[in-house]
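Computed from the coordinates by the stated procedures, all read-outs in this text should not be read as laboratory data. Quantities reported herein were computed from a predicted structural model and do not represent experimental measurements. Ideal geometry is used to build each Cβ from the backbone, glycine not excepted, and the neighbour counts take in all protein chains shown.
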Amino acid sequence: MLDLDLHHMPPPPIRRDWPIGAIGAGFIMRDVHLVAYRQIGLSVLGIASRRPQQAREVAAARGIPRVYDSYADLIADPSLQVLDIAVPPDVQPQIITAALRHAGHIRGILAQKPLAMNYPQALALVEACEKAGIVLAVNQNMRYDQSIRALKTLLDRGDLGEPVLATIEMRAIPHWQPWVRDYAGLTLAVMSIHHLDCFRFLFGDPEFVFASARPDPRTAFPHRDGIVLYILEYSSGLRASSWDDVWAGPAREGAASDTYIRWRVEGTEGLAQGTIGWPGYPNAVPSTIRFATRRQPGVWLAPQWPEVWFPDAFRGTMGELLDSLTEDRAPAISGRGNLGTMALVEACYRSLDQHRPVGIQEIIQGGQL
């Protein structure tokens with residue numbers, strides 16, 4: 001019989017007393033990061049936001065003892081060793097750069113994705129943190145979705161054999177934050193970055209990507225990448241593809257709704273398929289997995305769990321950074337490793353603009369400082 005413990009959740013951090021300072025007091029910090037950290041007893045000692053009153057409200061709601069008038073004041077506090085940043089990507093580089101001046105006590109940073117506005121800017125941040133001795137991790141939290149972790153276990157155990165075809169189909173209507181209106185990109189930079197990073201996590205870096213897009217009829221501000229389709233080509237022959245549909249039909253205009261995220265991986269020895277529970281948020285909808293393998297012929301196996309992507313996966317991202325500090329190693333979600341995801345996003349945009357397949361190395365080599 002196959003082992004159905006697919007390690008859908010990471011173990012808790014080895015040390016939970018690393019003193020954390022939170023920068024940002026919006027929804028993702030208030031209702032996701034801080035909720036997840038409280039679940040496993042992490043030590044968030046302070047918070048700052050560009051709106052101090054909002055920071056005070058979040059501190060009161062989440063039991064954070066200190067509120068700072070500015071992120072600069074928080075970073076300068078020598079009692080804090082880890083920064084958790086949840087701000088838009090055009091603001092994030094200046095906060096990380098400010099933290100570099102306090103490398104004596106700042107040991108680690110968990111940054112949001114995208115790490116920066118473009119690949120060269122992300123590379124500069126990574127190299128600056130490495131030079132300063134600060135461990136930089138990027139919050140690619142879909143890697144810690146329970147079904148994606150379970151799928152990774154199946155792939156690593158060989159239950160599916162050599163991957164042949166992988167697909168993600170997203171039919172979901174996101175809430176676009178006001179700051180995305182001023183960006184050159186939309187769906188690829190904000191939503192697809194999750195799927196692109198998961199493909200890298202599961203299968204490594206592709207050789208080429210081809211992307212196609214059209215505007216989303218519902219999104220009123222100008223944008224070029226609303227509904228996005230893309231194909232990743234791997235040297236092994238694997239093809240990975242995602243349909244990121246942020247229109248999903250006129251559900252908000254009166255039609256019945258049909259939103260979901262589904263994935264499927266077919267291999268030479270088996271296949272797995274599953275769902276991501278995020279479109280059901282704020283309802284707690286667990287992600288799912290269902291798989292079949294030649295190692296247990298003729299049956300479908302479907303282990304279940306109570307945890308959900310938001311907020312439970314966020315235990316994993318911060319926990320991984322803390323464990324990397326405790327064990328003096330690079331985190332699995334390191335800034336250096338995340339450069340491949342940044343390059344893949346930029347390759348998609350270049351493919352859109354030039355209507356051709358784009359090699360990932362084309363972006364990496366062109367972005368070297």
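Summary of values
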{"read-out": "Coil-residue chymotrypsin sites (Phe, Trp or Tyr not before Pro) of the stretch 241-342, DSSP, other Cβ within 10 Å capped at 10", "value": "none"}
{"read-out": "Considering only the chain, percent of DSSP beta bridges that pair antiparallel, nearest 5", "value": "60"}
{"read-out": "Calculated Rg and Dmax of the chain using C-alpha coordinates, Å", "value": "20.3, 62"}
{"read-out": "Point-charge dipole on Cβ atoms (K/R +1, D/E -1) for the stretch 291-369, about Cα centre, debye to 20", "value": "380"}
{"read-out": "Ala76-Ala103 pseudo-label distance in nm [points 7 Å out on the Cα-to-Cβ vector]", "value": "2.1"}
{"read-out": "The chain: calculated mean residue ellipticity at 222 nm from DSSP helix runs of at least 4, using -39500 (n - 2.57)", "value": "-9500 deg cm²/dmol"}
{"read-out": "Those trypsin sites (Lys or Arg not before Pro) in the stretch 112-154 that DSSP places in a loop and that have at most 16 other beta carbons within 10 Å", "value": "none"}
{"read-out": "Among Pro311, Ala61, Leu100 the positive-end extreme of the charge dipole of the chain (Cβ point charges)", "value": "Ala61"}
{"read-out": "Size of charge dipole - the chain - debye, nearest 20, with Cβ of Lys, Arg +1 and Asp, Glu -1, no other charges", "value": "500"}
{"read-out": "Table column - 3J(HN,Hα) (Hz), the stretch 31-47, Karplus curve with 6.51, -1.76, 1.60, x for Gly and Pro", "value": "9, 10, 3, 5, 5, 4, 5, 5, 4, 10, x, 6, 9, 8, 9, x, 8"}
{"read-out": "Selection from Tyr230, Ser212, Val180 lying farthest towards where the dipole of the stretch 164-246 points positive, charges on Cβ", "value": "Val180"}
{"read-out": "Selection of trypsin sites (Lys or Arg not before Pro), the stretch 1-106, meeting DSSP coil and at most 16 other Cβ within 10 Å", "value": "Arg15, Arg16, Arg50, Arg101"}
{"read-out": "Spatial separation of Cα centroids for the stretch 206-261 and the stretch 171-198, in angstrom", "value": "10"}
{"read-out": "Cα-centred dipole magnitude for the stretch 131-257, charges only on beta-carbon of K, R (+1) and D, E (-1), debye, nearest 20", "value": "300"}
{"read-out": "Cα pair distances exceeding 19 angstrom across the stretch 244-299, given as percent", "value": "48"}
{"read-out": "Cβ-based exposure ranking for Tyr349, Tyr37, in which fewest neighbours within 10 Å come first", "value": "Tyr349, Tyr37"}
{"read-out": "The stretch 59-129: relative contact order in percent, alpha carbon pairs under 8 Å with at least 6 residues between", "value": "32"}
